[in-house]
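In what follows, a single structure is set out as structure tokens and then discussed.
The values are calculated or read from the model by the stated rules, or taken from the named source; none is laboratory data. Nothing here was measured: the structure is a model prediction, and the numbers come from that model. Please note: Cβ atoms are built from the backbone with ideal geometry, for glycine as well, and neighbour counts cover all protein chains shown.
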Amino acid sequence: MDNNSIAKILYEVGEYLEMQEVPFKPRAYEKVAQVIESLEEPVLEIYKKGGLKAVEEIQGVGLSIAEKIEELLKTGKLKYYDQLKKKTPVNLSELSKIEGLGPKGIKKLYQKLGIKDMADLEKAAKAGKIGKLAGFGPKSEENILKGIGFAKSFGGRFLIGSVMPGIRQIQNRLRGLNNVKRVEVAGSTRRRKETIGDADFLVISDKPKEIMDYFVAMPEVLKVLAHGDTKSSVKLRNGMNADLRVLPEESYGAALNYFTGSKTHNVALRQIAIKKGLTLSEYGLFKGTAEKRGKLIAGKTEEEIYEALGMDYIEPEMREMTGEIEASLRQAQGKPNGLPKLIKYGEIKGDLQIQTNWTDGENSIEEMAEAAIKDGLEYIAITDHTKRLAMTNGLDEKRILKQMAEIDALNLKLKTKNLKLRILKGSECDILKDGSMDLPDSILSKLDVVGASVHSLFNLPQKEQTARIVRAMRNPNVDILFHPTGRILQRREPYAVDMDEIIKVAKETGTILEINASERADLKDEYIKKCVEAGVKMAIDSDSHTANHFSSIEYGIAQARRGWAEKKDIINAWPVEKMLSFLKK
DNA sequence: GCCGTTTTCGGCCCGACTGTTTTCAGTCG
């Protein structure tokens, strides 16, 4: 049993206990689930090496939960969980996806109406049964229906950050096989979309059968959907489909291009080919028409295909038909407004949003610093929450001053150890209802980096919400607007905010807009592109709450690349002094 | 159920909003 599966069950145990109004235990289970979810080492390994004792060493795990984990690892089941589930046999993970619906509501709906899953819920809501229930009303019913629509519209897609490690594992194992020359992942994974539907593996090999047999027998495979000579398709245990195609070397580039998409991008390329009297397919670029196919002109690499079409190579992240075809043609013809030189993976030097155990993070400042060094970062800003966010134990004036002193001491310590990392003093300061800040300017002005965040009142009308944020941006101590639209992928829609106005004010005030690399993925690509065009600078932050979250910066870079951003647009791709001198004074 | 340079027992889970009520339960960050 893997970490995610263990975490899922522990989350559900917490929710079931919440239903029964058991005090404190739900938090305990939830905390452990969070820790296990972000653990790098499989719990199974920890248990194998050190037994129950080692499992108890995991943050937040005591004897009772350790024994439950042991039971899960040994039997794949948990009696305690099964008992809880028997009392309220509902599809928790499905129902709790619906925003505004929590354990108590789920319990009531089950007891009064026998609702077990989303289908039951939708039926009851549409029949007007929920609005008549005590404690619910017409508004709740409407919200539930909206929530169902929201959950459905993302059905079957997976957050790239959550499935990428597994995809890479498969890719690496395929690469290690005999008779395999190359393995790439195409599709939306290669375009680095925020969410991906399935994984398309492309393999060059002379011995396709061996590869196919291996692929369908992998431990991740739940069900084999197809098992052929050059194409196989499986459903993985995480619910995602994966395809594998084996290709001949000479058409590899064409196939990679074809299977990478996007579809509309491919159609545009084929139209350009036709105008030149050529035909483009997954097998290559040929002379003549599809019916009367002539000689193969290009196909081995993507580069030679674009070149033969009179274009410059277009990075996969840009292949969304948002002007990349025209830009590529202009570039190849030596005209202005060509393709951007996208920021590269690995070019981020610092991370400007990090939470620690001073608030809702799991690790100390020092542990975060050590992890940052390991990840090759040159600087990090500690940006814990502020007091309004009481649930996170947000910092007040007194505690943040104390934290600043600790950071000074830590920087000194790093220096004496000859370590290159610089820790910056920062804050993720709440924006209050009227747009004022949760900490006084006398404190904010002492910090190196001040991020401002909306964490409340998501439902303000657009005009009011925009004015509130704009006021915060006009504060001379506010450097960065964190997660500017408030959305969380597959969980929460952005609040109503006029982004054109925000970008305009960002330009005017020199406020940086954040590209949050966590599951928020906020800004989204279209706003990044607008920022680039407007000359508004951005920062790619991991929003790390644990020491192993820095790796998510990669997804922030992917997001930036999809928004056509270059190194010059991203301030934390710059050295620390240059970055700091760009912030508001 | 976990945790401890305040405690091995007694804290932890705060504050505001929403939608439902007519004083408050449920949800969220």
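Here is how the numbers come out for the structure above:
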quantity	calculated
The range A:549-576, subset at pLDDT 95 or above and not in a helix (DSSP H, G or I), residue nearest to the chain's Cα centre (by Cα)	A:563
Scope the range A:485-536; condition in a helix (DSSP H, G or I) and under 14 Å from the mean Cα position of the chain (by Cα); matching residues	A:525
Failed condition for residue A:76, given (1) out of contact with any helix residue (DSSP H, G or I) (no Cβ under 7 Å at 6 or more places or on another chain); (2) within 8 Å of DNA strand B (Cβ to nearest atom); (3) on the phi > 0 side of the Ramachandran plot; (4) not acidic (Asp, Glu)	(2)
Condition check for residue A:193: outside the structural domain of residue A:491 (by TED's automatic domain parsing), closer than 19 Å to residue A:239 by Cα and either out of contact with any Cys (no Cβ under 6 Å at 6 or more places or on another chain) or modelled with pLDDT of 90 or more (or both)	yes
Residue match in the range A:257-266 (condition: in contact with a strand residue (DSSP E or B) (Cβ under 8 Å, 6 or more places away or on another chain), assigned to a helix (DSSP H, G or I) and of a type in the set (Ser, Thr, Tyr))	yes
Selected residue [assigned to a loop (DSSP other than H, G, I, E, B) and either of a type in the set (Gly, Ala, Ser) or more than 23 Å from the chain's Cα centre (by Cα) (or both)] from A:335, A:295, A:344	A:335
Residue A:343 being over 20 Å from residue A:409 (Cα atoms), touching a residue at least 24 places away in the same chain (Cβ under 8 Å), in contact with an Asp or Glu (Cβ under 7 Å, 6 or more places away or on another chain) and not charged (D, E, K, R)	yes
Scope the range A:462-486; condition under 23 Å from residue A:446 (Cα atoms) and hydrophobic (A, V, I, L, M, F, W, C); matching residues	A:469, A:470, A:472, A:473, A:478, A:480, A:481, A:482
Hey, residue A:104 more than 21 Å from residue A:362 (Cα to Cα) and surrounded by fewer than 20 Cβ atoms within 10 Å (Cβ to Cβ) or not	yes
Residue under evaluation residue A:493, criteria (1) in contact with a helix residue (DSSP H, G or I) (Cβ under 8 Å, 6 or more places away or on another chain); (2) farther than 30 Å from residue A:95 by Cβ; (3) among the acidic types (Asp, Glu), criterion not met	(2)
Candidate set from the range A:34-50 (those that are touching a residue at least 24 places away in the same chain (Cβ under 8 Å) and part of a helix (DSSP H, G or I)); member that is surrounded by the most Cβ atoms within 10 Å (Cβ to Cβ)	A:36
Among (1) touching a residue at least 12 places away in the same chain (Cβ under 8 Å); (2) assigned to a helix (DSSP H, G or I) - the single one residue A:1 does not satisfy	(2)
Matching entry among A:31, A:74 (being part of a helix (DSSP H, G or I) and at pLDDT 90 or above)	A:74
Which numbered condition residue A:147 fails, given (1) more than 22 Å from residue A:21 (Cα to Cα); (2) near DNA strand B (Cβ under 8 Å from one of its atoms)	(2)
Considering residues of the range A:83-138 that are in a loop (DSSP other than H, G, I, E, B) and aliphatic (A, V, I, L, M) only, the residue farthest from DNA strand B (Cβ to nearest atom)	A:127
Residue identified as at pLDDT 95 or above and assigned by TED's automatic domain parsing to the domain that holds residue A:473 among A:419, A:424	A:424
Which numbered condition residue A:222 fails, given (1) touching a residue at least 24 places away in the same chain (Cβ under 8 Å); (2) exposed (fewer than 15 other Cβ atoms within 10 Å of the Cβ)	(1)
Residue A:39 vs. criteria more than 16 Å from residue A:4 (Cα to Cα) and among the hydrophobic types (A, V, I, L, M, F, W, C)	no
Condition check for residue A:16: closer than 30 Å to residue A:141 by Cβ, more than 8 Å from DNA strand B (Cβ to nearest atom) and assigned to a helix (DSSP H, G or I)	yes
Residue count for the range A:353-393, restricted to those that are among the β-branched types (Val, Ile, Thr), within 12 Å of DNA strand B (Cβ to nearest atom) and crowded, with 21+ Cβ neighbours inside 10 Å	2
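Rundown of residues vs (1) loosely packed, with under 13 Cβ neighbours inside 10 Å; (2) touching a residue at least 12 places away in the same chain (Cβ under 8 Å); (3) touching a Leu at 6+ places or on another chain (Cβ under 9 Å); (4) under 30 Å from residue A:242 (Cα atoms), yes/no style:
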residue: A:112; (1), (2), (3), (4): no, yes, yes, no
residue: A:115; (1), (2), (3), (4): no, yes, yes, no
residue: A:122; (1), (2), (3), (4): no, yes, yes, no
residue: A:125; (1), (2), (3), (4): no, yes, yes, no
residue: A:130; (1), (2), (3), (4): no, yes, yes, no
residue: A:135; (1), (2), (3), (4): yes, yes, no, no
residue: A:139; (1), (2), (3), (4): yes, no, no, no
residue: A:144; (1), (2), (3), (4): no, yes, yes, no
residue: A:151; (1), (2), (3), (4): no, yes, no, yes
